[in-house]
Amino acid sequence: MEFLPISWRLQGKGALLVGGGEVALRKGRLLHRSGARVSVVAPSVCAELRDIVVQSGGKLLERGFEPADLDGQALVVSATDDSSLNAWVAEQASAKGLPVNVVDNPSLGDFIFPAIVDRSPILISISSSGASPVLARKLRSQIESSLPARWGRLADLMAKFRQPLKDKLGNIGARRLFWEKALEGPVVEKVLAGKESEAEAILAQAIEEADTDRLSRGEVYLVGAGPGDPDLLTFRALRLLQKADVVLYDRLVGKGIVDLARRDAELVYVGKARDKHALPQDNINELLVHYARQGKKVCRLKGGDPFIFGRGGEEIDLIVQEGIDFQVVPGITAASGCAAYGGIPLTHRDHAQSVRFVTGHRKDGSVDLDWQHLVSETETVVFYMGLVGLRQICQKLMEHGRAADTPIALVSRGTTDLQEVITGTLENLPDDIEGREVHAPTLIIVGSVVSLHPRFGWFRKSN
Ligand code: SAH
């Protein structure tokens, strides 16, 4: 992080603008909006900037810059078209310990101006750290168009009810939960629809009924986080993840996903690389109960879908037994993710009429499957956790009648930037990958649909 975004109260403080033209004017407007006393020093100052100076109570200095102009200022912006003058202003400001921005050369100063979406009191600032202001502005216009103008009204309404809620609920955690719950209810819709008095009535009633015990009851969310790409999270998964006080995750959950948790949430790694379980399953189940018993909202993030080879059933068993509230959120399972990003339709009218998901790994480590049911030419078979047993899987499928030239794909780290798809046939793939490093997690797809990969594969490794 090259810059720290902070929100700075400038009301009544002095801001010195060096420069009196168009560029200075843009910064002048912004500083004026933030309530600063804007002073301008420049031999010639445009009319609107003069007005700003007068309205904000600053000084108009129609002459060249002098270091003494810096006295009594809180910040300085140098916006002249003379780069050596800008450099000198920056030097003088720094010598006096004043934060300075040089508009056309950010590297000379201490701070930069981000692009802003203003839904006061909500303010969103977007910065590319100077790398591409155009990109930051593009992003701003996207956010502008997706954020209803009334969001600011919602913030005002919440500010209004802050004290009444404080009087009702002494506990800060309970108050946070109250607001989270309120924001999931009809209040937001009412405000956005312009029905503020109805929203107020709902909030007043909710505060009246607010009860710390009820709000502080623990809950467990068993959330499918998808196969890796954070874009594949569901809205619900994201919402619950951001609500959680504690997030338990393992190796299968993409790092970018854990980063979406609340900043103050406790993140607990519960391991699970094959053969080196950081925590045995029983301990994970107990940990979920332990946190929920403390009144926490606990999000157990699972790779893919919790109920597909995810032991989701085992994890909620104890939760149910203990009478703890829970939700299960489906996720995109590895087979769907790898198929889509690997360009391998799992079914296709010309190739496969059914698809079967199979685990290639039994509890005791063997690959002991119902082979005679896995050899239909018109069925796609997807093996989860099958890499170690790959040779045996190919062998057994052929022994039970699947053709030796049946296409097979290995999808490694599917849907992530490191995705790799290796294709071959049942007969040759095990030899082809002998000695080659294939990174976990890996999914195996067997069937004629794999032949479509060269045509439909669209997602490429980025490095
Ligand atoms: N619940 C998960 C599966 C967990 S079992 C789901 O629904 O996807 C773990 C196995 O899933 C791994 O051994 C691998 O076969 C597969 N897997 C999970 N994520 C994967 C990914 N990004 N790429 C390839 N295979 C993956």
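Its alpha carbons considered, the chain gives a radius of gyration followed by a Dmax of 30.0, 93 Å. Shape verdict for segment 341-456, please, from the Cα gyration tensor: rounded (a/c under 1.5), prolate (a/b greater than b/c) or oblate. Note, shape of segment 341-456 comes out rounded.
Compactness of segment 14-113 was expressed as the Cα radius of gyration divided by 2.2 N^0.38 Å, which yields 0.92. Restricting segment 280-388 to trypsin sites (Lys or Arg not before Pro) that sit in a DSSP loop and have at most 12 other Cβ atoms within 10 Å of their own Cβ leaves ARG349, ARG362, LYS363. Just to verify a number: FRET efficiency for LYS96 and VAL268, C-beta to C-beta distance, R0 = 35 Å, to 0.05? With a Förster radius of 35 Å, E is 0.15.
Among residues other than ASP282 whose Cβ falls under 12 Å from its Cβ, what is the net charge (Lys/Arg +1, Asp/Glu -1)? With Lys, Arg at +1 and Asp, Glu at -1, the net is -3.
Kindly state, to the nearest 0.05, the FRET efficiency for VAL438 paired with ASP282, given R0 = 30 Å and r defined as their beta-carbon distance.
Step by step, r from the Cβ atoms, then E = 0.45.
Roughly speaking, what is the stretch gain from SER376 to LEU147, that is 0.36 nm per residue apart minus the C-alpha to C-alpha distance, in nm to one decimal?
Additional length available on full extension: 77.3 nm.
Taking the centroid of alpha carbons for each part, segment 156-170 and segment 3-42 are 33 Å apart. Can you tell me how segment 151-214 classifies by the Cα gyration tensor, rounded, prolate or oblate, using a/c under 1.5 as the rounded cut? Note, shape of segment 151-214 comes out prolate.
Taking all protein chains together and a 1.4 Å probe, the residues MET385, MET1, MET158 rank MET1, MET385, MET158 from largest to smallest accessible area.
Relative contact order for segment 219-332: what percent, with Cα pairs under 8 Å and sequence separation of 6 or more?
43 percent
Cross-link pairs exceeding 21 Å in C-alpha to C-alpha distance, out of LYS13/LYS96; LYS160/LYS181; LYS160/LYS296; LYS138/LYS190; LYS181/LYS297, comprise LYS160/LYS296; LYS138/LYS190.
Rounded to whole numbers, the Karplus 3J(HN,Hα) couplings from phi for segment 385-402 are 6, x, 4, 4, x, 3, 4, 5, 4, 4, 4, 5, 4, 5, 4, 8, x, 7 Hz, using 6.51 cos²θ - 1.76 cosθ + 1.60 with θ = phi - 60°, and x at Gly and Pro.
Under the combined filter of DSSP loop state and at most 12 neighbouring Cβ atoms within 10 Å, segment 19-78 retains these GluC sites (Glu not before Pro): GLU62. Per residue, the Cα convex hull of segment 346-406 amounts to 79 Å³.
The values are calculated or read from the model by the stated rules, or taken from the named source; none is laboratory data. Bear in mind that the values here come from a model prediction, so they are computed numbers and not experimental data. All Cβ positions, glycine included, derive from the backbone under ideal geometry; neighbour counts span all protein chains shown. The protein model used for the area step is the full one, side chains on, heavy atoms only, and it has no ligands, DNA or RNA in it. Shrake-Rupley method; radii C 1.70, N 1.55, O 1.52, S 1.80 Å.
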